[in-house]
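Worksheet: one structure, shown below.
The values are calculated or read from the model by the stated rules, or taken from the named source; none is laboratory data. For clarity, every value in this text was computed on a predicted model and none was experimentally measured. Neighbour counts run over all protein chains shown; Cβ positions are idealised from the backbone, glycine included. For accessibility, only protein heavy atoms count, side chains too; no ligands or nucleic acids. Shrake-Rupley method; radii C 1.70, N 1.55, O 1.52, S 1.80 Å.
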Amino acid sequence: MQTKYFILLLLITFSIGCSSKKGLTIGVTNPSSRERENEMVEVSWETVQQKLSLSEGKTIIVTDKKGKQLPYQLITNGTGKIEELIFPVSLHGGETTSFRIAIGQPESFPPMVYGRLVPERKDDFAWENNRVAFRIYGPALKATGEISNGMDFWAKKTESLVIDKWYKDDLAGVASYHQDHGEGLDFYKVGRTLGLGMTAPVDNDTLCLGDNFIRAEILDNGPLRITFNLSYERYNAGGKTVTETRIISLDAYSLFNKVTNIFEVDADQLIVATGIVMEKNKPEITYGDNSGIIAYETPADKVNGTIYTAAIHPTGFKDTRIANGHYLGLNNYQPGTSYTYYAGGGWSKAGFDNFEEWMQFVKEEKIRIDQPLTITY
C-alpha cells in the first residue's frame with residue numbers, strides 16, 4: 001500500500017513539474033547579412049494559446065536563451081481581440097537564436113511608445129517612441145484657418161517619452177518646444193504640404209491635398225507599438241471626390257512609421273505620390289531610386305542642426321521627381337486597396353553626422369523591410 005502511495009506521489013510531482021515547465025520555443029532567424037538590433041518579432045497569438053493551452057486570466061513571459069525576461073506587447077489592431085505577440089530581438093547577420101514563451105508572471109518594463117489626441121493644443125495627434133516623435137494636425141486647428149494634413153517631425157535626443165511634458169510646458173509658457181532645452185525640439189516646417197512622407201492623389205502633375213483629420217482612433221498603445229487610425233473629410237481630386245483613411249504604426253527603437261493609406265474614389269485607377277516637403281530657394285540634397293527610396297536633407301539650421309528625412313516603399317516607385325514643392329515618389333494605385341510604405345527621419349544631434357550616414361541607415365532599413373525576420377516553432 002505504501003509503495004502504491006509513493007508511486008502515485010511521484011507521478012503527481014512529475015506531472016506538476018512538467019506542467020510548470022510547459023512552454024513554446026521559437027527560433028528567430030535574421031536572413032540578411034546585416035545586423036538587426038531591437039527589431040520586433042511578430043508571433044501568432046492563436047499559436048501561443050494553442051501550444052500553451054492558455055486559459056482565461058493566465059499571463060505569459062518571454063525569455064531569451066539565458067532565461068532573461070524580455071518586454072512584450074499583445075497586439076489587437078483595434079479588433080478587440082488579441083491577434084499577435086511582439087517582442088524585440090537583436091541578431092547578427094545570418095544568425096538564428098531561440099526564445100521561450102511560457103506561462104508566468106511578467107516583470108514590469110517601462111513603456112517605450114506613446115501617443116494621444118491633444119485637445120488642449122487644437123486637436124493635434126502626437127506620438128513618439130524612445131527615439132523620435134511626430135504629430136499630425138486635427139479639426140480644432142483647421143477651425144483657426146491653419147490647414148495641413150502633412151506629418152510633422154519632432155527631433156529628440158533622449159529616450160524619455162516627452163510629448164506630455166513638452167505640451168504642458170509650452171502651453172504654460174514655461175518652455176517652448178520650438179527651442180531645445182536638452183531633450184530636442186520641433187523645428188521641422190510643414191505648412192500646407194505633405195510634410196514628412198505623407199501620400200496624396202495626383203491629377204495632371206498636381207498634388208491633391210486633403211485637410212486636417214476629422215477623427216482619430218487609437219488601435220494599440222504600447223508598450224512597444226502604437227497604432228492609430230486617422231479619418232479625413234472628403235475632398236476633390238481631379239473632379240472626383242476622395243475619401244482617405246490613414247493607419248500609422250510606430251515601434252519602439254524605430255525611426256520609421258509604417259503608413260497604410262486607403263483612398264476611396266469612383267475611378268479604376270489613381271496616381272498617388274508620397275512626398276517630402278522641400279524648403280523654397282534652398283540647395284537641394286536628395287537621393288532617390290525606383291527601388292523604393294526617396295530621401296532629403298533639410299537645409300542646416302545654425303543653432304539646431306539638420307533633419308534627415310526619407311520614405312521607403314517596399315515594392316519601389318515607378319517614378320521619382322521634384323515637383324509641387326516636394327520630393328515625390330509616384331505609383332499607380334487601385335482605389336480601395338491598402339497602400340503601405342514607411343516614413344521617418346533622423347537628426348544631426350542624435351546619431352547622424354551627415355547625409356551619407358543617413359543614407360546608409362535608410363538603405364539598411366530597406367533591407368530590413370525586404371528581408372523580415374523569420375520564425376520557426
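If you go through segment 332-347 and keep only what is under 21 Å from the mean Cα position of the chain (by Cα) and either of a type outside the set (Ser, Thr, Tyr) or buried (at least 21 other Cβ atoms within 10 Å of the Cβ) (or both), you end up with Tyr341, Tyr342, Ala343, Gly344, Gly345, Gly346, Trp347. Would you please name the residue that is farthest from the chain's Cα centre (by Cα), looking only at residues in segment 354-371 that are open to solvent by 20 Å² or more (accessible area, probe 1.4 Å) and either among the aliphatic types (A, V, I, L, M) or modelled with pLDDT under 95 (or both)? Here the residue is Ile367.
Among residues belonging to segment 137-195 that are part of a loop (DSSP other than H, G, I, E, B) and touching a helix residue (DSSP H, G or I) at 6+ places or on another chain (Cβ under 7 Å), point out the one that is farthest from Gly345 (Cα to Cα). If we take residues in segment 137-195 being part of a loop (DSSP other than H, G, I, E, B) and touching a helix residue (DSSP H, G or I) at 6+ places or on another chain (Cβ under 7 Å), then Ala175 is farthest from Gly345 (Cα to Cα).
The residue pairs whose first member lies in segment 114-130 and is within 16 Å of Ile248 (Cβ to Cβ), whose second member is among the acidic types (Asp, Glu) and open to solvent by less than 10 Å² (accessible area, probe 1.4 Å), and whose beta carbons are closer than 9 Å, counting only pairs six or more residues apart or on different chains, are Tyr114/Glu128; Gly115/Glu128; Leu117/Asp124; Val118/Asp124; Asp124/Asp152; Ala126/Asp152. Which residues, counting only those in segment 136-160, are open to solvent by less than 10 Å² (accessible area, probe 1.4 Å) and either touching a residue at least 40 places away in the same chain (Cβ under 8 Å) or of a type in the set (A, V, I, L, M) (or both)? Matches in segment 136-160: Ile136, Gly138, Leu141, Ser148, Asn149, Gly150, Met151, Asp152, Phe153, Ala155, Lys156. Would you say Asn212 is surrounded by 22 or more Cβ atoms within 10 Å (Cβ to Cβ), over 16 Å from the mean Cα position of the chain (by Cα) and at pLDDT 95 or above? Here the answer is yes, as Asn212 does meet what is asked.
Taken over segment 99-113, the criterion of being touching an Asp or Glu at 6+ places or on another chain (Cβ under 9 Å) and of a type in the set (D, E, K, R) is satisfied by Arg100 alone.
Provide a single number: the residues in segment 106-128 that are of a type in the set (Phe, Trp, Tyr) and surrounded by fewer than 16 Cβ atoms within 10 Å (Cβ to Cβ). Spell out the reasoning first.
Taking segment 106-128 as the starting set, the residues that turn out to be of a type in the set (Phe, Trp, Tyr) are 109, 114, 125, 127.
Remaining after also requiring surrounded by fewer than 16 Cβ atoms within 10 Å (Cβ to Cβ): 109.
The total comes to 1.
Counting only residues that are part of a strand (DSSP E or B) and of a type in the set (Ser, Thr, Tyr), which one in segment 300-337 is farthest from Ala200 (Cα to Cα)? Break it down into steps so the answer makes sense when it comes.
Step one: filter segment 300-337 for residues part of a strand (DSSP E or B), giving 301, 305, 307-312, 319-323, 326-333.
Going one step further and asking which of them are of a type in the set (Ser, Thr, Tyr), we end up with 308-309, 320, 327, 333.
Values: Tyr308: 21, Thr309: 18, Thr320: 14, Tyr327: 13, Tyr333: 11 Å.
Taking the candidates together, the pick is Tyr308.
List, please: which pairs have Cβ atoms under 6 Å, are six or more places apart or on different chains, and start with a residue in segment 23-41 that is more than 14 Å from Ile369 (Cβ to Cβ) and end with one that is among the basic types (Lys, Arg)? Listed by first residue and then by second, the contacts come to Gly23/Arg100; Leu24/Lys51; Thr25/Arg100.
For Leu85, the conditions (1) loosely packed, with under 15 Cβ neighbours inside 10 Å; (2) of a type outside the set (Phe, Trp, Tyr); (3) in contact with a helix residue (DSSP H, G or I) (Cβ under 6 Å, 6 or more places away or on another chain) all hold with the exception of (1).
Are any residues in segment 271-317 without any contact (Cβ under 8 Å) to a residue 24 or more places away in the chain and under 23 Å from the mean Cα position of the chain (by Cα), and if so, which ones? Matches in segment 271-317: Thr315 only.
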